[in-house]
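The structure under discussion appears below in the form of structure tokens.
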Amino acid sequence: MEKKYYTTIGLEIHAELKTNTKMFCSCKNDPDEETPNKNICPVCMAHPGTLPVVNKKAVESVIKVGLALGSNIADFTEFDRKNYFYPDIPKGYQISQFKYPIVFGGRLVGMDLTRIHLEEDTANNKHYESASGGYSLIDFNRAGVPLMELVTEAHTFENPDDAAKAASIFAKEYQLILWYLGASEANMEKGEMRVEANVSVSPDKDKKWTAYVEVKNLNSFRTVEKAIKYEVERMIDLFETGRESEIVKETRGWDDGKQKTFSQRKKESSQDYRYFPDPDITKFKLHEIFNIEELKKSLPELPSEMRARYKNDFGIKEEDIEVYINDPILGTWFENVAKIIPVADKLKIASNFITSDYLGLKKTNLGVQLPKVENFAELVSLFTENKISSRVAKDILAMIVLNDESPLKIATEKDLLQKNDTGAIKTIAEKVVLENPEVVATYKGGKENAIMSLVGKIIKESNGSANPKIVIEILKDLLK
């Protein structure tokens, strides 16, 4: 019998907050600044004698995130010095939080949270190759940017695929919440949101393996899944070959080219960082500084609430709902469409045109724009009332997303309105039947589906205007 292993994961997610200025100084917080070392000052460069001043907006953003996650907001909080030397830390320590974070507890998509705390981001190391072996430069624009860190509890899974998927789902939903709150752009490609996965494997469900690996700076949801699966397989292989002693507590990186993790350094403990309260920053009583209840009331509709409302009010597919939740502009536009087309069946058709056809057009043409709500609603009505065919509806949609005008006007001018004139359709049908004797023979030989080939040809001959139902009736009569 194959031996079973249990996977335990915990996540640490860093997100740069969307504030005007940095965490402890008045320098501009601009993730898109391309000129190196432009947004710096004596405070974020740690010149002697400078003192940090806490960014109140950043603290408020962390509180709002905590409220959105159903977490507890601490009454007392303080900032600590996390001591370690690295070129991207100008002070020789990072201002962070250790014992008293701003937020603790909470839950999101099935995973419990430990804490959310606030700290300052590090500078950006840029590495270059040269004939002499390469060199590194440091851009301090990012140094001191407000950085929020969320830490989850450890969760055990019987299947590594389930563990990897759970981590990816959690990170995606967290990113959505940051977007909806306006707390962070959370662009993973730019490093504005960075996921770290703590992974361990054990042959005993009730006894976690003490040595775990932290895989750092995973910059996409797909990479999160791949890294976790790779680590689980690597650790299981060590167990199976009797080398479990080689599973050590360490930090590992992900090599996207080789699709594998690699060892970076042994994992530090909190003692290594010699945390102590920062003497230059005052302590805070958050419930005295902020009106927590008012902040809670100010929260926008969150993704989970929107899913429930869309399902209840519109009855559309879950896949479509996710499209609108991930694209709030498109979601708002759809809601305006729903005000004009309140009928559930028509709304489902409308949503299908949006998520399949409109988004398909947008992928292939950057000039595609959402048409006026009234024009799109008119298009849906023309189709659901059998005044235009499905093919014509798609063609007109492709026109109005580039040149927004009335679909009825287009259909009338181009003679695309569906024809119910049986005489005209019969004339076309007789011509098509004469031109396709092989298809007719196949149909009469018992393969009734062959008639659809003739239907398609007749609709094409009519420029898409022939009513398919009438076409089928006429054909069956002709082919008796």
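In table form, for the structure just shown:
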item: Any chance Tyr324 is among the aromatic types (Phe, Trp, Tyr), within 15 Å of the chain's Cα centre (by Cα) and assigned by TED's automatic domain parsing to the domain that holds Phe376; result: yes
item: Breaking point among (1) in contact with a Leu (Cβ under 6 Å, 6 or more places away or on another chain); (2) of a type in the set (A, V, I, L, M, F, W, C); (3) part of a strand (DSSP E or B), for Ala227; result: (3)
item: Yes/no for Glu250 being of a type outside the set (S, T, N, Q) and under 30 Å from Pro101 (Cα atoms); result: yes
item: Odd one out for Asp280 among (1) surrounded by 14 or more Cβ atoms within 10 Å (Cβ to Cβ); (2) within 30 Å of Asn83 (Cα to Cα); result: (1)
item: Criterion (surrounded by fewer than 16 Cβ atoms within 10 Å (Cβ to Cβ) and over 24 Å from Leu302 (Cα atoms)) met by exactly one of Lys346, Lys363; result: Lys363
item: Qualifying residue in segment 403-421 (condition: modelled with pLDDT of 80 or more, assigned to a helix (DSSP H, G or I), touching a helix residue (DSSP H, G or I) at 6+ places or on another chain (Cβ under 7 Å) and farther than 30 Å from Lys372 by Cβ); result: no
item: Of all residues in segment 156-170 being of a type outside the set (D, E, K, R) and either touching a Leu at 6+ places or on another chain (Cβ under 9 Å) or assigned to a loop (DSSP other than H, G, I, E, B) (or both), the one that is surrounded by the fewest Cβ atoms within 10 Å (Cβ to Cβ); result: Asn159
item: Residue in segment 306-317 that is crowded, with 16+ Cβ neighbours inside 10 Å, outside any helix (DSSP H, G or I) and touching a residue at least 24 places away in the same chain (Cβ under 8 Å) present; result: yes
item: Extreme residue, nearest to Val224 (Cα to Cα), among residues of segment 249-273 that are of a type in the set (S, T, N, Q) and out of contact with any strand residue (DSSP E or B) (no Cβ under 8 Å at 6 or more places or on another chain); result: Gln259
item: So Lys431, is it surrounded by 14 or more Cβ atoms within 10 Å (Cβ to Cβ), basic (Lys, Arg) and in contact (Cβ under 8 Å) with a residue 24 or more places away in the chain; result: no
item: Residues of segment 429-480 classified as under 29 Å from Glu413 (Cα atoms) and either outside any helix (DSSP H, G or I) or of a type outside the set (Asp, Glu) (or both), total; result: 25
item: Leu176 being of a type outside the set (D, E, K, R), touching a Pro at 6+ places or on another chain (Cβ under 6 Å), closer than 20 Å to Pro328 by Cα and crowded, with 17+ Cβ neighbours inside 10 Å; result: yes
item: Residue, nearest to Ser96 (Cα to Cα), within segment 275-289, restricted to residues that are of a type in the set (Val, Ile, Thr) and assigned to a loop (DSSP other than H, G, I, E, B); result: Ile281
item: Selection status of Asn217, in the same structural domain as Glu33 (by TED's automatic domain parsing), under 27 Å from Lys99 (Cα atoms) and free of Cβ contacts under 8 Å to residues at least 60 places away in the same chain; result: yes
item: Residue in segment 7-15 that is under 25 Å from the mean Cα position of the chain (by Cα), in a loop (DSSP other than H, G, I, E, B) and aliphatic (A, V, I, L, M) present; result: no
item: Every residue from segment 230-274 that is part of a strand (DSSP E or B) and closer than 24 Å to Arg81 by Cβ; result: Thr251, Gln264, Arg265, Lys266
item: Condition broken by Asn352, with the remaining ones in (1) surrounded by 20 or more Cβ atoms within 10 Å (Cβ to Cβ); (2) modelled with pLDDT of 95 or more; (3) not aliphatic (A, V, I, L, M) satisfied; result: (1)
item: Only listed residue being over 16 Å from the mean Cα position of the chain (by Cα) and either of a type outside the set (Gly, Ala, Ser) or not in a helix (DSSP H, G or I) (or both), chosen from Glu173, Glu189, Glu149, Glu185; result: Glu149
item: Segment 363-401, residues that are farther than 14 Å from Lys346 by Cα, of a type outside the set (D, E, K, R) and assigned to a loop (DSSP other than H, G, I, E, B); result: Asn365, Leu366, Gly367, Val368, Gln369, Leu370, Pro371, Ile388, Ser389, Val401
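The values are calculated or read from the model by the stated rules, or taken from the named source; none is laboratory data. Note that this is a predicted model, so its numbers are computed, not measured. FYI the Cβ positions are ideal-geometry reconstructions off the backbone, even for glycines, and counts take in every protein chain you see.
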